[in-house]
Amino acid sequence: MSLPDVLVVGGGIVGAACALELAREGHRVEVLERGFTGCGTTATAMGHIIVLHDSQAQFRLTRWSQELWSALADELPGEVEVDRCGCIWIASEESQMDWVRDKAALYRSHGIEVEVLDSLGLAQAEPSLRPNLAGGLRMREDLVLYPPAAARWLVQRAVDAGATIRTGVSVRRVSGAGATLDDGSTRAAGCVVDAAGTKALELLPEPIPGLQFRPRKGHLAITDRGPRRCWHQLAEIGYLASAHTHAQTSVAFNVQPRRTGQVLVGSSRQYDRHDTRVEPEILARMLRRAIEFIPALAEMRVTRTWTGLRPATDDRLPLIGPVPGHSGLYLATGHEGLGITTSLGTGRLIADMVAGRSSAIDPAPYRLDRCLEPQA
Amino acid sequence: MREVASEVLILGAGPAGLAAAAAAAEAGARVDVIEGNRSPGGQIWRPEGATEAHPTTRRWQQRLLRTGVRVHLETTVVAADGPRCIYTVCGGEMSRFRTSRLVLATGSRELFLPFPGWTLPGVTGVGGLQALVKSGWPIEGKRVVVAGSGPLLLAVADSLRRRGAKLLLIAEQAPRRAVVRLARQLWRSPRKAIQALGLMARLVQVPMRYACWPLRATGDECVRSVLLQGSDGSIELECDALACGFGLVPEIAIAAYLGCDVECGAMSVDAQQQSSVPGVYGAGEITGVGGVELAVAEGAVAGTAAAGARVPVRWLARRDRQQAFVSHLDRAFALRPELRRLAAPETIVCRCEDVAFEALAGAESARAAKLATRCGMGSCQGRVCGPATRFLFGWHHDRVRPPFFPVPMAALAAIGTVQPSSANPACYQTFTMDC
Ligand SMILES: Cc1cc2nc3c(=O)[nH]c(=O)nc-3n(C[C@H](O)[C@H](O)[C@H](O)COP(=O)(O)OP(=O)(O)OC[C@H]3O[C@@H](n4cnc5c(N)ncnc54)[C@H](O)[C@@H]3O)c2cc1C
Ligand SMILES: Cc1cc2nc3c(=O)[nH]c(=O)nc-3n(C[C@H](O)[C@H](O)[C@H](O)COP(=O)(O)OP(=O)(O)OC[C@H]3O[C@@H](n4cnc5c(N)ncnc54)[C@H](O)[C@@H]3O)c2cc1C
């Protein structure tokens, strides 16, 4: 085996996107994945390609990434299950309509196609929703896809561009010059991108003060096939508060129609849970919330439930960039609940950084230096 | 959500669960039994038609009635929060059972192996056809082929014969010498020997072939014929029904979910029938497939031990005697490797999600295959294709998660909501003498 220029550790959607961008630039890329492509958090996600504006930086990365996905959408094969269904943010009360109007104006100013729905408009767009909701914000450009298939496709494209992937290979340590595998052997490379998801920080040569994240557990449930109950990804505006809060546990209405006639139901957020056990009481709280919004869900049968761990940083922005003090070592992780969306932007940013050129968006807000504790 | 407090909670009212319930209650424990079916009795003591309980079940019912065992019928275990908190659904209503000891007696289910045509209407499991017929499906005069492996083939063939089916062939995949070797062990269990001899005598008119297995079923709307591989070439038989079962696999989903050690597909238990998780016991086919006497013997031990009483040595000995037979059974009916090559590339393996054999070959694991092809993601949750892909590809089961069976969202959503316990007695059923 000839030596790779770049080692990518982790074959989740973020590692896959990094591998593709780097391979396209002509680097000899090797991906090392402990399990199989997309087996980590990526396999558990909802696959909503979303634009959010919690902060400028978050908006830029999500919007840019969504544009990259939209440009790819026609190329993606059937198994990626791309659905340009759009999303509606639901206002339960009149007071939330101010938020709707503000965001509509803001998104429009960036050329994003949105629509303000009043109570009636919402009921027409989604007849299964309970009556008397205040309205909503329709995001026409949001899409939905099937994350593990998307990750596999990205890896396949990277392989087409000359990359290799080694699955079933577990990495113990990374450095700027290569990786030490669990079996004690080493793999040298020109540079290393650590995209090992919730495990990424554990692989660094030493803990970096100030650099940390907390796993944030999420539950999902899926129903049997049935008559279509909804037509857009649907989320309550309160979801944003749930995503935002530092509270220990929160649930919010967030559902997704699948093309199969199934409904994917989310979502919960719990900090500092490291186990992926389904917790019946949290699951039930989440389902109760969903039924409050779509009463007809009560009769649909739940066939499966699962959980995933989101790698969450304190400032809700990912960690993308060189690891201080270790030339040649890059980190690409910490995407919390947005990593399916922002994987493509992350891949571009990493490729730009490795090439030493500037990017379409300013990478500074995602770089690691922002978190570091000032030296005493 | 309804709350029920129990001392010994038994999941499954087949032979093992009934025996465990009686033993635990007679040892003084407060016992609840949960059973998904409308009637107790499990696989073997199924009621005839819609109402009449099997005579053996009725005898058990009377025994349970005397000791105040509460039996919750048409109640399905769907989730758990550790071994002391079991969630069930009955008629769409969620209940939470709190218990200090748990006995798992969930039995086994049939192993189906895919071959071209196995999804045609008219092709069923062996136990499946038996259950259909018992619930009133007309079999009289129908031409039936019974194929697969294990003692179940004979037991079912006999009961189909009694109901007037025209049995064309019993095809056992195991070689004759293996079965003869097993028969030589029968002296260890005189009851089994008598059963076996009786069966053979009653089936003497029915053609029987060893080292013979199905290759393909054909038909349009319904199965019309089956092609079988025999030791002297292949044979084609026209038929109206093909019952196919390649043995039984322990129903370990709940045990696995609770973290009990599982070995070779069966729940591991110690001499007291206790699993690796303290307070969780296993009895019957969940611990390995060995017939009804073993199930009853294990149930009695498990129930007594779970109630905290001393298990009579005699009972342990009875169980051990029966147990000795199990390894002989496994050896005699070991599946031949040819059965891994029955499926054609386009043969469906996962019926819920229409996943073909060719889509699965080459995947690293059950989970990888599931994420790539949806195999096992459907409403049966891999109960049918899971054991098959284990045999075909050596895959281990993906993790078990609640709900163990599809349930209405409203029922799952009720978990954790409190309701005055007197409010809804709807799902609480005790036996009555005439049920
Ligand atoms: C319930 C839920 C819903 C979500 N919904 C959405 C959504 O709708 N839209 C959205 O954009 N995002 C969503 N997300 C977020 C998204 O899933 C994650 O941000 C994203 O999958 C992270 O990808 P990743 O590649 O960083 O991590 P992972 O997918 O976890 O990939 C990391 C990979 O590294 C491998 N690895 C780990 N350690 C090692 C090692 N030592 N050696 C080798 N390999 C190793 C792992 O096996 C894994 O494959 C959701 C998340 C959850 C939990
Ligand atoms: C057609 C047929 C004929 C047979 N003939 C003979 C014979 O002649 N001689 C012989 O020795 N053996 C025979 N057997 C085998 C015999 O049936 C088994 O050995 C015996 O039934 C095993 O008992 P068990 O209690 O372990 O399991 P089972 O009888 O399978 O009982 C398990 C019970 O648990 C219930 N259950 C499972 N999961 C759940 C859940 N999640 N929630 C609620 N309830 C649940 C099921 O509904 C079932 O009633 C036969 C089997 C069949 C199918």
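The values are calculated or read from the model by the stated rules, or taken from the named source; none is laboratory data. In this text the structure is predicted, and so the values were computed from the model without any measurement. Every residue, glycine as well, gets a Cβ built from its backbone with ideal geometry; the counts of neighbours run over all protein chains shown. Ligands, DNA and RNA are excluded from the accessible area calculation, which covers all protein heavy atoms including side chains. Shrake-Rupley method; radii C 1.70, N 1.55, O 1.52, S 1.80 Å.
One residue stands out among those in the stretch B:276-327 that are of a type in the set (Ser, Thr, Tyr), free of Cβ contacts under 8 Å to residues at least 60 places away in the same chain and in contact with a Ser or Thr (Cβ under 9 Å, 6 or more places away or on another chain): the one that is farthest from B:GLY247 (Cα to Cα), which is B:SER276. Is it the case that the stretch A:301-311 has a residue that's touching a residue at least 60 places away in the same chain (Cβ under 8 Å) and not in a strand (DSSP E or B)? Looking for residues that are touching a residue at least 60 places away in the same chain (Cβ under 8 Å) and not in a strand (DSSP E or B), one finds none in the stretch A:301-311, hence no. Scanning for something within 13 Å of chain A (Cβ to nearest Cβ), in contact with a Pro (Cβ under 7 Å, 6 or more places away or on another chain), surrounded by 19 or more Cβ atoms within 10 Å (Cβ to Cβ) and not in a helix (DSSP H, G or I), does the stretch B:386-409 turn up at least one residue? Within the stretch B:386-409, one or more residues are within 13 Å of chain A (Cβ to nearest Cβ), in contact with a Pro (Cβ under 7 Å, 6 or more places away or on another chain), surrounded by 19 or more Cβ atoms within 10 Å (Cβ to Cβ) and not in a helix (DSSP H, G or I). Consider the stretch A:199-229 and keep the residues that are within 14 Å of chain B (Cβ to nearest Cβ), open to solvent by less than 20 Å² (accessible area, probe 1.4 Å) and over 16 Å from the mean Cα position of the chain (by Cα). The one that is farthest from ligand 1 (Cβ to nearest atom) is A:THR223.
Screening the stretch A:84-157 for strands (runs of 3 or more DSSP E) wholly inside it with 2 or more residues that are open to solvent by 10 Å² or more (accessible area, probe 1.4 Å) returns the ranges A:114-118.
Taken over the stretch B:342-362, the criterion of being among the aliphatic types (A, V, I, L, M), modelled with pLDDT of 90 or more and surrounded by fewer than 21 Cβ atoms within 10 Å (Cβ to Cβ) is satisfied by B:LEU342, B:ALA344, B:ILE348, B:ALA356, B:ALA359.
For the condition open to solvent by 40 Å² or more (accessible area, probe 1.4 Å), closer than 22 Å to A:ALA150 by Cα and more than 16 Å from ligand 2 (Cβ to nearest atom), A:ALA17 does not qualify.
All told, B:ARG177 falls short of being modelled with pLDDT under 95, open to solvent by 60 Å² or more (accessible area, probe 1.4 Å) and within 13 Å of ligand 2 (Cβ to nearest atom).
Candidates are the residues of the stretch A:25-55 that are more than 14 Å from chain B (Cβ to nearest Cβ) and outside any loop (DSSP other than H, G, I, E, B); the one that is nearest to ligand 1 (Cβ to nearest atom) is A:HIS48. Looking at the structure I just gave you, is A:VAL80 within 21 Å of A:TYR330 (Cβ to Cβ) and either among the polar types (S, T, N, Q) or more than 16 Å from ligand 2 (Cβ to nearest atom) (or both)? In short, no. Can you report the number of residues in the stretch A:318-339 which are within 12 Å of ligand 1 (Cβ to nearest atom) and either small (Gly, Ala, Ser) or open to solvent by 20 Å² or more (accessible area, probe 1.4 Å) (or both)? The qualifying residues number 6. The single condition among (1) within 24 Å of A:GLY321 (Cα to Cα); (2) within 16 Å of ligand 1 (Cβ to nearest atom); (3) touching a residue at least 60 places away in the same chain (Cβ under 8 Å) that A:CYS191 does not meet is (2).
No other residue among B:PRO40, B:PRO116 is of a type outside the set (A, V, I, L, M) and closer than 30 Å to B:ASP220 by Cα apart from B:PRO116.
Would you confirm whether any residue within the stretch B:135-144 is within 19 Å of B:VAL349 (Cβ to Cβ), crowded, with 16+ Cβ neighbours inside 10 Å and either more than 16 Å from ligand 1 (Cβ to nearest atom) or modelled with pLDDT of 95 or more (or both)? Checking the stretch B:135-144: not a single residue is within 19 Å of B:VAL349 (Cβ to Cβ), crowded, with 16+ Cβ neighbours inside 10 Å and either more than 16 Å from ligand 1 (Cβ to nearest atom) or modelled with pLDDT of 95 or more (or both). Scan the stretch B:327-359 for residues that are away from every other protein chain (no Cβ under 14 Å) and in a helix (DSSP H, G or I) and the total you get is 13. Assess whether B:GLY308 counts as being open to solvent by less than 40 Å² (accessible area, probe 1.4 Å), among the small types (Gly, Ala, Ser) and under 30 Å from B:PRO402 (Cβ atoms). Judged against the criteria, B:GLY308 is not a match.
Within the option set B:ALA300, B:ALA271, B:ALA363, being more than 14 Å from chain A (Cβ to nearest Cβ) and not in a helix (DSSP H, G or I) holds for one residue only, B:ALA271.
When B:GLN229 is tested against (1) open to solvent by 20 Å² or more (accessible area, probe 1.4 Å); (2) free of Cβ contacts under 8 Å to residues at least 40 places away in the same chain; (3) not in a helix (DSSP H, G or I), just one condition goes unmet, and that condition is (2). Would you say B:GLU7 is more than 10 Å from ligand 2 (Cβ to nearest atom) and at pLDDT below 90? No. Among the criteria (1) within 30 Å of B:ALA359 (Cα to Cα); (2) open to solvent by less than 60 Å² (accessible area, probe 1.4 Å), the one A:GLU79 does not fulfil is (2).
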